[in-house]
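The values are calculated or read from the model by the stated rules, or taken from the named source; none is laboratory data. Predicted model, so just to flag it, every value in this text is computed and none were measured. Note that each Cβ is placed from the backbone with ideal geometry, even for glycine, and that neighbours are counted across all protein chains shown. What goes into the accessible areas is simple: the full protein's heavy atoms, side chains included, and nothing from ligands, DNA or RNA. Shrake-Rupley method; radii C 1.70, N 1.55, O 1.52, S 1.80 Å.
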Amino acid sequence: MALMSIWYHIGRRQRDFGPVWLALSILCWAFSGLSEVLLPNENGWGSTAKEGFRSVFSLLNSLFILMALPWFKYLPKPFSGLIKNKFWPFVIGIPFVFALLPTLHKMILGRSASAINELDVYYALMTLVFLGFVLWESFTKRRLPLLGILSLFTVLITLVAQVYKLMDNTINLLLFSAIFKTSLIMLFFALALSWVKELTENVIPSAYQLRLNFKKGDRNTCEVILKGFPGQTDRNISLTPALYKLLKTFAERRLASTEDWLEIKPKNFDGSKNYDINDHNELKRLLQALLNGLFGKQNWTKDKHYIPLKNTLFEMSENRERKIRLQLPKENIYFENE
């Protein structure tokens, strides 16, 4: 309920559903604990059902954690392409189904607890690999290295708990489960609060919050309107015709159904090929003009304004192909009097 409250007050407006998935993952532990209390301990169906429900809720807990990962702002490079891929639900959903169905089958047939536990342990191990890297990346990028180290230690404790689960060591499993579940819940709250801290420090909204409107005035003046900044309504920015044309090209490519990347001309290139952007300085001049219109000349800094605005508006190709594109959603781009 606390994580859902954070989402309701902040994440809902940001259209960020990461806290919702993390809240559901914790809820699975609550239901698992409830089954421990309500189901009988005697040998027979009650004991098997208890182990079965524990395994099912463990699988759901891992699934919801994996569903939360695409909403993380900072992802490690080895996994970012996979996690952000549109096929990510299938990557995590297919193993989940293959683990869940045999678990339910064994649970109904009354198989032993050890036979039930194995599948959810393997799925949990896959979850821990992704979660460990993502938590480390999230905390270190927000300049919270101690929490990053604590997250790795917690993942290590969780791995030990999974090993004890495979060994069917009940006493040590109970101890380590109490440690890692409490620690992970604490880390989820620390992660949510670090996200809130970052939102309060950043003066540049996220890409999906910004609205970009192209407008040509009566005297053929080139003007863009940026909406979504807190405290004020619209930000009208006047651009030179060249910079206006460049930003408009970004927007038109973004709205196009084909390739939306623009290519920057390499240095010392004398060939006949035409490039969308002549050099990096052209992009730099565009960003500076936008910042001057947003905050006024000499009222912005590189760290708090220039770099965040560049990272919000534009996305560079991961393959270092000198390709760049506008990062705003298509529905946030408008044209007037064009």
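Taking only protein heavy atoms and a 1.4 Å probe, what accessible area per residue, in Å², does the chain have with all protein chains in place? Walk me through the numbers before you get to the answer.
Values: 18850 Å² over 338 residues.
That works out to 56 Å² for each residue.
When the solvent-accessible area of the chain is split by element, carbon and sulfur atoms take up 59 percent of it, the probe being 1.4 Å. Relative to the longest principal axis of the Cα atoms of the chain, the long axis of helix 170-201 makes an angle of roughly 20 degrees. Towards the positive end of the charge dipole of the chain, with charges on Cβ (+1 Lys, Arg; -1 Asp, Glu), say which of P145, P241, L287 has the farthest Cα. Value: P241.
Potential lengthening of the chain between R253 and I185 amounts to 20.2 nm, from the contour at 0.36 nm per residue minus the alpha-carbon distance.
Report relative contact order for the chain in percent, whole number only (criteria: Cα-Cα under 8 Å, sequence separation at least 6).
13 percent
Pull out a ≥ b ≥ c, the square roots of the eigenvalues of the alpha-carbon gyration tensor of the stretch 1-94, then state rounded if a/c is under 1.5, prolate if not and a/b is larger than b/c, and oblate in the remaining case.
On the way: a/c = 4.01, a/b = 1.73, b/c = 2.32.
Oblate.
Between helix 88-109 and the chain, what is the angle of the helix's C-alpha long axis to the longest principal axis, kept within 0 to 90° and rounded to the nearest 10? Helix 88-109 sits roughly 10 degrees off the main axis of the chain. The angle between the Cα long axis of helix 45-68 and the main principal axis of the chain comes to about 10°, on a 0 to 90 degree scale. Each peptide in 301-312, 62-73, 78-89, 21-32 gets a packing score, the mean of other Cβ atoms within 10 Å over its residues, and the list from highest to lowest is 62-73, 21-32, 301-312, 78-89. Between A207, Y164, A99, the Cα set farthest toward the positive side of the dipole of the chain (charges on each charged residue's Cβ, about the Cα centre) is that of A207. For Kirkwood radius over Cα pairs in Å, the value calculated from this model appears in [x] 20.4; [y] 23.2; [z] 25.4 under label [y].
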